[in-house]
Amino acid sequence: MNLIVYAQFKNIKNDTFWNTVDGKPIYSQGGGIFIFPNPKTGEDTYYWYGAYYKEAELYRKDPSYTQPKDNFVAVTCYSSKDLVNWTFENSVLEKAEALSYDKNTRWMGRLGVVYVPEMKQYALFIQHNAGVLIALSDVPNGNFKWHRRLDMTEMIGTSNTGDQTVFTDYDTGKSYLVYSYGRGRNKIYISEIGIKNGKVDLLDCTQIYKGKGREGNCMFKYNNKYYVFASNLYGWDSSYAYYLVAENIKGPYTPTNEMLVTPGCMDDFAHITQTGFFINVKGSKQETVVYCGDRWANFAGNGLGYNQWMPLSFEDDTPVFNSLNSWNLNASTGEWQIASDNNYVKNSSFEADRRAIPSPEKPIQEHITGWITQVYQGNAILVGDSESPQINYFNTQEDRKHVIGEKSLNIEDKVDFKRNVFQFIESTPTVELPDGVYTLTAKIKTNGNFKILNMYAESGGFEKHVSITNKTGNWSTITLNNIEVKNGKVEIGFYADGQAGANCQIDDISFMKTH
């Protein structure tokens, strides 16, 4: 690898839709980023491949409506020298290419590209119906043509892979398909990609995990160790990021058949994503592993933006997830830093939880993820109690014209109540909350009578609050300025003293440093 980039920090902004350098929408889901020589210049370049679904375009135009299905359009290819500024290269595999071989093409997705030196061609691996399609091109940004479709039955017992990605070990030059069992997804496999009988194929199959069902399988190499990541079986919804680690790519991976939860991902389900893929930024000063999560908002209604990228940190061999809304990357040095406009609130739009809370279904929950609810008066928040209030609200389509996503915080009760909902934000070994002055904002609507309804922030023993007086039933923005954070810790929250039947919905909270 010999990437030549201009040394400066450039911003990666999550929770929004991304554009190319010329302002065109980026549509790339369930793919990967690989380093290949540019066909024209010969310079090593980042090439990003992903699936473009028609619903991604529709949801971006109108995020108030969650799309019910997926219609594959093409595999897109974008190029970059710095992982921030992307140029559209080509729709490298159109659906028509698959239809010409299989008129019943329905599902296409989960893909990656490798260079096959024996054939001097690039091979695209993509799930296609109940198999794995391999398509070839002479150049990384060219039109990939049908090569063959693999039936995985003889190798793993199902014709399809559960989920899959492609991983290239740049130290050895070998590439691999990382995938799960097609039914139940309770096994994870690694297969080396190569040539067999004159065709691109999978050379072997090593099972590295058998246990609870996992999807979104992907991997990276760091400090001479191999890390395999996956998410829970939550459909299009977000999940914890689980991992295994090994010294050899074929294993053994530890802990045996039991994936660990990545520290830092639990307060917002990996920044409202599923595991997607990783890219290693090997700079002149450090190596940074970037977690590239898929947010399937077009099919789950769980926020804005399809691509959420965050830097990992490491504590010995343990990867640490840094859930950031905005951060800066220097692709030349490999360094990263928190951006000045980062929103420090976890699960700020309340989209992490898939179900009504409290939820009796796994994971059993009595609190909204990342938030604490204290009841001083009124019905307790209890799983299975018919009198328990529901503490998250499912936004209507009209609500979603004013706030983000399908869910918001809900404060209400059938009886008179006093309740506090809050979150601690504090510095960690990997993400600092700098002392300084901050602004807290939220979108709120209320109905009924509240004796007290405050939004507050408390740091260093000093509290500031603003009273919420809007009772129109319409969404409005509430702002609390000049919050001084001391000792790298602050509590933000909402205190309500309401009469029976009063209700308040809260969404889109931000806590940002102003100076």
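The values are calculated or read from the model by the stated rules, or taken from the named source; none is laboratory data. Not measured: the values here are computed from a predicted model. Here Cβ is always computed from backbone atoms with ideal geometry, including for glycine, and neighbour counts include all displayed protein chains. Surface accessibility is based on the protein's heavy atoms, side chains included, excluding ligands, DNA and RNA. Shrake-Rupley method; radii C 1.70, N 1.55, O 1.52, S 1.80 Å.
Quick one: how many residues across the range 232-265 are part of a loop (DSSP other than H, G, I, E, B) and in contact with a Leu (Cβ under 6 Å, 6 or more places away or on another chain)?
Adding up the residues that qualify gives 2.
Output yes when any residue across the range 458-477 is open to solvent by 20 Å² or more (accessible area, probe 1.4 Å) and touching a helix residue (DSSP H, G or I) at 6+ places or on another chain (Cβ under 9 Å), and no when none is.
Within the range 458-477 (the criterion being open to solvent by 20 Å² or more (accessible area, probe 1.4 Å) and touching a helix residue (DSSP H, G or I) at 6+ places or on another chain (Cβ under 9 Å)), the answer is yes, since at least one residue qualifies.
Show the residue pairs meeting these rules: Cβ distance below 7 Å; 6+ apart or different chains; first residue within the range 23-51 and in a strand (DSSP E or B); second residue among the acidic types (D, E).
Note: pairs meeting the criteria are Q29/D294; G30/D294; I35/D44; P37/E43; P37/D44.
Let me spell it out: the conditions are (1) crowded, with 19+ Cβ neighbours inside 10 Å; (2) in a strand (DSSP E or B); (3) under 21 Å from the mean Cα position of the chain (by Cα); (4) of a type outside the set (V, I, T), and Y209 meets all of them except one. Which number is the exception?
If we test Y209 against (1) crowded, with 19+ Cβ neighbours inside 10 Å; (2) in a strand (DSSP E or B); (3) under 21 Å from the mean Cα position of the chain (by Cα); (4) of a type outside the set (V, I, T), just (3) comes out false.
Just need a number here: residues in the range 82-97 that are open to solvent by less than 40 Å² (accessible area, probe 1.4 Å), outside any strand (DSSP E or B) and either of a type in the set (S, T, Y) or more than 22 Å from D22 (Cα to Cα) (or both).
Of the residues in that region, 1 qualify.
Answer with yes or no whether N487 is more than 19 Å from N420 (Cα to Cα) and under 31 Å from the mean Cα position of the chain (by Cα).
yes
Name every residue in the range 279-306 that is over 16 Å from Q29 (Cβ atoms) and open to solvent by less than 20 Å² (accessible area, probe 1.4 Å), in order of residue number.
Residues satisfying the conditions are V281, T288, V289, V290.
Considering only residues that are small (G, A, S), open to solvent by 40 Å² or more (accessible area, probe 1.4 Å) and either closer than 20 Å to S510 by Cα or without any contact (Cβ under 8 Å) to a residue 12 or more places away in the chain (or both), which ones fall in the range 352-393?
Listed by number, the residues that qualify are A380, S386.
Among the listed residues V403, V437, V421, which satisfies the condition of being closer than 27 Å to S64 by Cα, over 24 Å from the mean Cα position of the chain (by Cα) and open to solvent by less than 40 Å² (accessible area, probe 1.4 Å)?
Criteria check complete, one pass: V421.
For every residue, the table says whether it meets (1) open to solvent by 10 Å² or more (accessible area, probe 1.4 Å); (2) touching a Cys at 6+ places or on another chain (Cβ under 8 Å).
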position: V228; (1), (2): no, yes
position: Y234; (1), (2): yes, no
position: D237; (1), (2): yes, no
position: F277; (1), (2): yes, yes
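Among the residues of the range 114-130, are any open to solvent by 60 Å² or more (accessible area, probe 1.4 Å), of a type in the set (K, R) and touching a strand residue (DSSP E or B) at 6+ places or on another chain (Cβ under 6 Å)?
So far as the range 114-130 goes, no, none of its residues is open to solvent by 60 Å² or more (accessible area, probe 1.4 Å), of a type in the set (K, R) and touching a strand residue (DSSP E or B) at 6+ places or on another chain (Cβ under 6 Å).
So, T16, is that one of a type in the set (S, T, Y), closer than 27 Å to H402 by Cβ and open to solvent by 10 Å² or more (accessible area, probe 1.4 Å) or not?
yes
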